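Worksheet for the structure shown next.
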Amino acid sequence: MRKFPILMIASLLSLILAATTSRSTHAHAALVRTDPPDSTVLAEAPSQVRLWYNEPISVSFSTFQVLDLDGKPVELTGIHLDELDPQLVILDLPQIGDGVYSIHWHVLSAADGHDTQGYVVFGVGNSADLNTAVTHEVQTAVPWTEVILRWLNYSLMALVIGAVVVVQFVLPRAQRRTVLTDSYLPARRHILKLAFYAALGSLVVGVGLYLYQLSRLLANLAAEATWLGTGWELLVDSRWGWLWLGRQATFAALAVLFGKMQQRSNWEIVAVVLVVGTAVLQALTSHAAAVTDLSSLALLADALHVLAMGAWLGGVVSLLIGIPAVAAQALPEQARQLRKEAWRVFGPVAAVSVGLLVFSGLVSAGFQVATPDAMLTSFYGQSLLTKIGLMLLMGLFGLINSASLHSRIAAPLARLLKKPAGWTPFSANHLPRLVLLEAGVGLVVLLATGIVTATPTAVGPAYLPYPDEEQPSAMTQSVEDMIISFSSKPNLPGQNIFLVRATSHRRPAPAEVAKVILRFTYLEEDLGTVSVEAQEIDTAAYRLGGGYFSLPGRWHVDVAVRRLGVEDSIGQFEWIVPPTAEPQPVLLSDQSLRPILLPLGLAGFLLIVTVGLILWRRKQRQSSLEDVLGAAETLVGAK
Ligand code: HEM
């Protein structure tokens, strides 16, 4: 029993380490760059289109359609991943004529099964007018079927986790505080029965999640894709499928185990390990698996969050359902005593779980929300704030319940209201109804969580703060005998016109300029470098149009001036692309939340562990002292 927390933490750590050592990190798949860039008009038709995403893509579950001006699809000659880069999708085009084309993409993350979609437009030939491209709005509505499935998943998972915590940790302790032996056995059986049905329910919800995933894929894939073929492929050919199989196997094993444990066999430790396994598997398919740095910390926080929510919410429901079974088999006074002891032992478990929930939640929020303004303005942030509000309400009910049980907790309120010592806000008889209310709000918190987890997170370049320094409209550099200037208009993410002026100040100039090549490198993250030749539009003036600044932030632009018989003169420009045309008003703050929330969450976690250890040691000492005193009393009595 004493090994319980150590065992839990050890299995959690080893599972997360095992799961993270052999994998890359993942996110809701976002298109970060294309070649040709979005909104570019090319002089000649390309033979390939390259699309870079911020995570590996499952090409067999993704679709790419190139439509011409009339909306007619261009038959692609190939769709494949780059051999060296699983985040780069290459579309092989047939010979296409002048015109405007739009690429509609719908991709499945190879990691977490989230799908995303969007489109890119490009033109071929001087007469191409990009405004005429065939596009359709990308839907961003809340996927309610997914939200409900996630809600059911979390609720049943909470029951499974809570049942194990109560059976393994709460009931045996409560038993030791009462005089009747085995008085909690009916509760244990009742709770295990509930856990058995919850594990079975989780299996059914798992099937629902699988069918939902499959139906979304089939809606997107070609007409010849079948439920059977694609269903099998999804299981054995994607990371999502393997994790899903692991999840189902774990819940099936737990259902069998709960059946066995009802007959009093000692399988508790295996149940604890399996329950930790379900939390880790859940974390591996969540947004936490999308974090690219400190990914083990993000996964650990998420898995702990799931365990803590199960211990609290599932624990409350397990006791609510289990305790009446005890009452039915005992005298009223004994039943009252048994009920009280069980809730008393559960109190500290609930308090630690709430602490862990809050601090692991803060760490997760630090990973998933870029800034306080992103929290206020994004749908993700707003849903998270709603969830936190509901959590506070739930915490308030929890506090009222604890105060009704422990007059010590109610003491400050009693003093304030001038009530006698030992006063509690409600009598213990009201407890079941109050606890039911707490559990009810918990279920609403889980619904809000379903929305949060089904929504794209509020991090990424879109949430970068507006740069402090103002970008001059043009920059000029002197390189050897050349004077090179560079400018970008409107200088926003997306399509821009780049103008270069390159003249030699030596007279006569050593050589004619043959070519001007621009090389774009994004400095906020590794997107590689794109090289493009600018067109001469006037003497010493060169122009390039296109979406080469695909994201806001800092860019490095090399302007290479090539002349015959002379080494390239390369102007190097550090260039800032602001996220919007105008600085957005700062609502609260546009500074990163991560440096605040991560240390806060970790410090809170350490505080809980330290206080827990101190209290535990004090209790140990107290109980050994009581043992010694008890032994001495027996000895004296015997004499
Ligand atoms: C201060 C309080 C809390 C904060 C800041 C918080 C924050 C978060 C964050 C940021 C996530 C990650 C969502 C994602 O994957 O995009 C999350 C997930 C989750 N939260 Fe909370 N949370 C809090 C309280 C709670 C409570 C009270 C419950 C339930 C009783 C809860 C249950 C969950 C569950 C089930 C998940 C899903 C984990 C997964 O899918 O892996 N949270 N929370």
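Any read-out appearing in this document is the output of simple, stated calculations on the displayed coordinates, not a laboratory observation. Keep in mind that what you see is a predicted model, and the values were worked out from it rather than measured. No Cβ is skipped: glycine too gets one built from the backbone with ideal geometry, and neighbour counts run over all protein chains shown.
Of Ile484, Ser569, Ala541, which is farthest on the positive side of the dipole of region 474-577, counting Cα position, with +1 on Lys and Arg Cβ, -1 on Asp and Glu Cβ, and the Cα centre as origin? Positive-most Cα among the choices belongs to Ala541. With the charge dipole of the chain set up from +1 on Lys and Arg Cβ and -1 on Asp and Glu Cβ about the Cα centre, the Cα lying farthest toward the positive end among the listed residues Val559, Phe426, Ala253 is that of Phe426. Please sort by residue number the GluC sites (Glu not before Pro) in region 514-600 whose DSSP state is loop and whose Cβ has at most 12 other Cβ atoms within 10 Å. Filter output for region 514-600: Glu525. Note on region 275-301 and region 458-513: Cα centroid distance 42 Å, given to the nearest whole angstrom. For the chain, the residue among Leu356, Pro186, Thr40 whose Cα projects farthest onto the positive side of the dipole built from Cβ charges is Pro186. Region 406-457 and region 232-273 have Cα centres spaced 33 Å apart. Neighbours of Leu156, meaning other residues whose beta-carbon lies under 13 angstrom from its beta-carbon, give a summed charge of +2 when Lys and Arg score +1 and Asp and Glu score -1.
Multiply the residue separation of Leu69 and Arg415 by 0.36 nm, subtract the distance between their alpha-carbon atoms, and state the gained length in nm to one decimal. All intermediate terms of the calculation are to be shown ahead of the outcome.
On the way: separation 346, 0.36 × 346 = 124.56 nm, distance 7.70 nm.
This chain segment gains 116.9 nm when fully extended.
Peptides 442-448, 187-193 ranked from most to least packed by the mean count of surrounding Cβ atoms within 10 Å: 187-193, 442-448. Between Ser624 and Leu76, the simple spin-label model (points 7 angstrom out along Cα→Cβ) gives 6.8 nm.
Taking a ≥ b ≥ c as the square roots of the Cα gyration tensor eigenvalues, with a/c under 1.5 meaning rounded and otherwise prolate when a/b beats b/c, else oblate, which class fits region 144-460? Because a/c hits 1.5 or more and a/b fails to exceed b/c, region 144-460 counts as oblate. Fully extended, how many nm does the chain gain between Val207 and Asn266 (0.36 nm per residue separation, minus their Cα-Cα distance)? Here the answer is 18.3 nm. Between Gln471 and Ser589, the FRET efficiency estimated from the beta carbon spacing at R0 = 25 angstrom works out to 0.65. Only Lys, Arg, Asp and Glu carry charge here, each on its Cβ (+1 for the first two, -1 for the last two); on that basis the chain has a dipole of about 5060 debye about its Cα centre.
Measuring how big the chain is from its alpha-carbon positions, Rg and Dmax come out at 31.3, 121 Å.
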